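The values are calculated or read from the model by the stated rules, or taken from the named source; none is laboratory data. Not measured: the values here are computed from a predicted model. Reconstructed Cβ throughout: ideal geometry from the backbone, glycine too, with neighbour counts over all protein chains shown.
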């Protein structure tokens, strides 16, 4: 699919609690909000090794030396931002000012102020600046992005292509979009966003910022009507921490999780898929201290239902460090509650991510011993097969050497996976697996060790 993901810095406004009819125009909002939307200029002085070489004397291109000069080059980037208080605190995208040696903020009235970087967060792509001024600045306020609904009118004001204050309008077209980041929960709109809009605000019809414009989806790199903005309720928390600490401080549980598929939801007697399955527990983390285990299905966190494995990491990250949280889970079909004390996530740590399996080699199925269960060809583990299939040293159980592409196991199980448990019962032989599945009435849950990562799959005969 031809689709190009272009990164741009934008800011979204908090959504209104009430729906608005189609507006007659946006002139009043533009007049009120535009003074607080700024242009960001970031300059990076390049080292000698990064500069373009001078063309040699006598070369047909020698004349370009006069154009480019032979001194230090400066790389410039232009983006957008918005002022959030009278002291000149500015919010923008991290990618707008990343690596900059000098940052300037330009107001719509033509005034230009140098700015210092108070803090950045590469994970959410946010940055906070402080304008060097003693004057009171115009500013806008964050709103509650959780109240924005699909179909609500929104406007963006920013600096597309360096043109300066430009207003575009549209509607919220989707919520909860994921672009592959750890804490993604973007608001999608059809507001036209282009290069230079990055870091600018997305406003609702009350004039509140409900998001920060950050990405577009486009086959050409220019607006195709799919714009993604960081919700204000995520941005506010990050901005507050960057102002107070100069860095983010996120909660840490010490687990990896995998999604709950419809088949797994059925096997856990859930009406609909929700929650997150723990696939790995850090032995030195808070989860281990609270007796959370591989295979636990987390369905509640601090009194809130866990929607899915994408939202769970965000819930943990937003939790105050040192706070005690009750976690509701299902373990081997029994509902339990555990209390965990949230730790602090190290900035270079991965935190909580969906389970990622590694590719396994394709092996000639004739090496298997002919035992097939539910479309999986199985073999007892021995040192030779461990080496051949690059089995993780901690894996103990029964090896999968081939998967029938027409079986329900196809796409769920891979050659090289090791079956460690069936219906939460440890297995070490093919006969033990046969005995369990023979007594099953419906899909069967298989716990797999895939390169040291726990994966739970529900498989039908």
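Given the options 396, 420, 432, name the one that is under 32 Å from the mean Cα position of the chain (by Cα) and not assigned by TED's automatic domain parsing to the domain that holds residue 267.
Just a single option satisfies the conditions, and that option is 420.
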### Subset of segment 450-461 [more than 14 Å from residue 374 (Cα to Cα) and assigned to a loop (DSSP other than H, G, I, E, B)]
451, 452
## Note on the structure
Selection over segment 375-393 where residues are out of contact with any strand residue (DSSP E or B) (no Cβ under 7 Å at 6 or more places or on another chain) and within 15 Å of residue 450 (Cα to Cα) yields a count of 5
### Message
For segment 402-449, give me the residue count where each residue is surrounded by fewer than 15 Cβ atoms within 10 Å (Cβ to Cβ) and in a strand (DSSP E or B).
### Response
3
### Test for residue 454: is it crowded, with 18+ Cβ neighbours inside 10 Å, within 31 Å of the chain's Cα centre (by Cα) and at negative phi
yes
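Answer yes or no as to whether residue 368 is modelled with pLDDT under 90 and either more than 27 Å from residue 315 (Cα to Cα) or touching a strand residue (DSSP E or B) at 6+ places or on another chain (Cβ under 9 Å) (or both). Before the answer, list the steps.
Numbers: modelled with pLDDT under 90: yes; either more than 27 Å from residue 315 (Cα to Cα) or touching a strand residue (DSSP E or B) at 6+ places or on another chain (Cβ under 9 Å) (or both): yes.
Criteria met by residue 368.
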#### Entry: Qualifying residue in segment 105-114 (condition: farther than 14 Å from residue 243 by Cβ and within 29 Å of the chain's Cα centre (by Cα))
yes
### Query
Restricting attention to segment 166-173, does a residue exist that is within 15 Å of the chain's Cα centre (by Cα), assigned by TED's automatic domain parsing to the domain that holds residue 124, outside any helix (DSSP H, G or I) and surrounded by fewer than 22 Cβ atoms within 10 Å (Cβ to Cβ)?
no
### Query
Pick from 200, 196, 162, 158: which is within 16 Å of residue 42 (Cβ to Cβ), touching a helix residue (DSSP H, G or I) at 6+ places or on another chain (Cβ under 7 Å) and assigned by TED's automatic domain parsing to the domain that holds residue 230?
196
### Task
Pull up segment 106-122, narrow it to residues that are out of contact with any helix residue (DSSP H, G or I) (no Cβ under 6 Å at 6 or more places or on another chain) and surrounded by fewer than 17 Cβ atoms within 10 Å (Cβ to Cβ), then point me to the one that is nearest to residue 314 (Cα to Cα).
116
### Task
Identify all residues within segment 292-310 that are surrounded by fewer than 18 Cβ atoms within 10 Å (Cβ to Cβ) and closer than 17 Å to residue 252 by Cβ; write none if there are none.
302
## Note on the structure
Those strands (runs of 3 or more DSSP E) completely within segment 212-316 that have 1 or more residues that are closer than 30 Å to residue 168 by Cα, in contact (Cβ under 8 Å) with a residue 40 or more places away in the chain and in the same structural domain as residue 157 (by TED's automatic domain parsing) are 227-231
### Query
Is it the case that some residue within segment 178-192 is free of Cβ contacts under 8 Å to residues at least 24 places away in the same chain, within 22 Å of residue 123 (Cα to Cα) and surrounded by fewer than 19 Cβ atoms within 10 Å (Cβ to Cβ)?
yes
### Message
Quick check on residue 208: is it modelled with pLDDT under 90 and under 22 Å from residue 128 (Cβ atoms)?
### Response
no
### Summary
Of (1) free of Cβ contacts under 8 Å to residues at least 60 places away in the same chain; (2) surrounded by 16 or more Cβ atoms within 10 Å (Cβ to Cβ), residue 373 satisfies every one except (1)
